[in-house]
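K.L.:
My questions will all concern the structure given below.
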Amino acid sequence: MHNQGSAIIPTIPAGGGDVSAQRVDAAVRARIRALLVAAFGSRLQGVVLYGSEARGTADSESDADILVLLRGPVALGKDLKTIIDALYPLQLELERPIHALPVEAIAYAEGEFSLYRNAHKEGVLV
């Protein structure tokens, strides 16, 4: 059984002003990947950015949707904590939520759930 838990990393409001959130551009994607490689090592099989950022329709209120592809099995609580610990400082810099979902790489490749199939179609490998 593959779990579908996710972590929405808690957001701390930006201090004053109407500052636009940073886009998840190539440099930010590279940082996300590097942080997750450092956290998961060889267990990390890939990172997929999907949703409005991948479609190019994100605005300042959009979150960054990420699938973290892991060599299984996924230990939901432990893997979510690892993702939060790895990405939270970056989220503070971006001033926007990062919605990260740990998934088994095999389940993603097989398109086990519609979310995985949709992310495979529209997603951007990080």
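K.L.:
Can you compute the label reach from ARG71? Point 7 Å from Cα along the Cβ direction, backbone N cut-off under 12 Å, restricted to segment 85-126.
P.N.:
105
K.L.:
While we're on this one: Show the residues, 5+ positions off or on another chain, whose built amide H is closer than 5 Å to the amide H of GLY46.
P.N.:
Excluding prolines and chain starts, which carry no amide H, the hits are LEU69.
K.L.:
Additional query: On a full-extension model of 0.36 nm per residue, what is the gain between GLU122 and ASP25, subtracting their alpha-carbon distance, rounded to one decimal in nm? Write out the running numbers ahead of the final one.
P.N.:
On the way: separation 97, 0.36 × 97 = 34.92 nm, distance 1.58 nm.
The GLU122-ASP25 span can extend by a further 33.3 nm.
K.L.:
Average projected area of the Cα convex hull of segment 24-125, in nm²?
P.N.:
Working: hull surface 23.8 nm².
So the mean shadow area of the Cα hull is 5.9 nm².
K.L.:
Quick one: what are the phi-derived ³J(HN,Hα) couplings along segment 60-76, Karplus 6.51/-1.76/1.60 with θ = phi - 60°, whole Hz, x for glycine and proline?
P.N.:
5, 9, 6, 8, 9, 8, 9, 9, 9, 8, 10, 5, x, x, 7, 9, 3
Each reported figure results from applying straightforward, stated rules to the coordinates on display, with no laboratory input. It should be emphasised that the depicted structure is a prediction, and the values quoted were computed from it without experimental measurement. Reconstructed Cβ throughout: ideal geometry from the backbone, glycine too, with neighbour counts over all protein chains shown.
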